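In what follows, a structure is listed as structure tokens, so that the remarks can point back to it.
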Amino acid sequence: MNLKYGVISSIENEKVLVFITEDNILLDKLHLLNGEYKPPKVGEEVVCIVDKDGSGLCLKGYFRKETLPPSDVVYQNKLTDQINISVTSEGLVIEATNIILKGDVNIQGNLNVTGKIDASGTVTAGGVVLS
């Protein structure tokens, strides 16, 4: 088994085609590791473990000097270009255009809002009921 560095050429049915630049070859239909499903993007640099027949696993992307997260980030999961979850010195940071919470939400502590609040149904604040 050898480690190979390559670039994702295409993705189909949870398998990836990887172009290995150092050998100028295209590895056909490598499996992704099991677990959280987050396939790499076409064009993303990846690391693969392959045998002499070209079979193996795609281990997905890796950090390079120019793609390192900020130094105050303890954990980061960039789900898409628009959705990012991270733990920083500020706390848990969720960045998204639209966040939908289903179910009851209980907040213990202060709630600070920048922007407007829209509510439907009954709103109770300090014993005052707004309908």
**Report entry** Amide H contacts of E44 (H built 1.01 Å from N, under 5 Å, at least 5 apart or other chain)
**Finding:** I8
Query raised in the report: Given Cα pairs under 8 Å that are at least 6 residues apart, what percent is the relative contact order of the chain?
Result: 15 percent
Query raised in the report: Using the beta-carbon distance between N24 and L68 and R0 = 30 Å, what value does 1/(1 + (r/R0)^6) give for FRET efficiency, to the nearest 0.05?
Result: 0.55
**Report entry** Residue-wise HN-Hα coupling along the stretch 110-120, computed from phi with Karplus coefficients 6.51, -1.76, 1.60 (Hz; x: Gly, Pro)
**Finding:** 7, 10, 10, 10, 10, x, 10, 10, 10, 9, 10
Query raised in the report: If r is the Cβ-Cβ distance from D81 to Q108 and R0 is 25 Å, what FRET efficiency results, to the nearest 0.05?
Result: 0.15
Requested in this report: Apply the Karplus parameterisation 6.51 cos²θ - 1.76 cosθ + 1.60, with θ equal to phi minus 60°, to every residue of the stretch 121-131 and state each ³J(HN,Hα) to the nearest whole Hz, in sequence, with x for glycine and proline.
Outcome: x, 8, 10, 10, 9, x, x, 8, 9, 10, 10
Requested in this report: Treating cross-link reach as a plain straight distance, find the lysines whose alpha-carbon is under 22 Å from the alpha-carbon of K60, omitting any fewer than eight places away in the same chain.
Outcome: K4, K15, K29, K38, K41, K52, K78
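Where a number appears in this text, it was derived from the coordinates with a stated rule and is not lab data. Keep in mind that this is a model prediction, so the values were computed, not measured. No Cβ is skipped: glycine too gets one built from the backbone with ideal geometry, and neighbour counts run over all protein chains shown.
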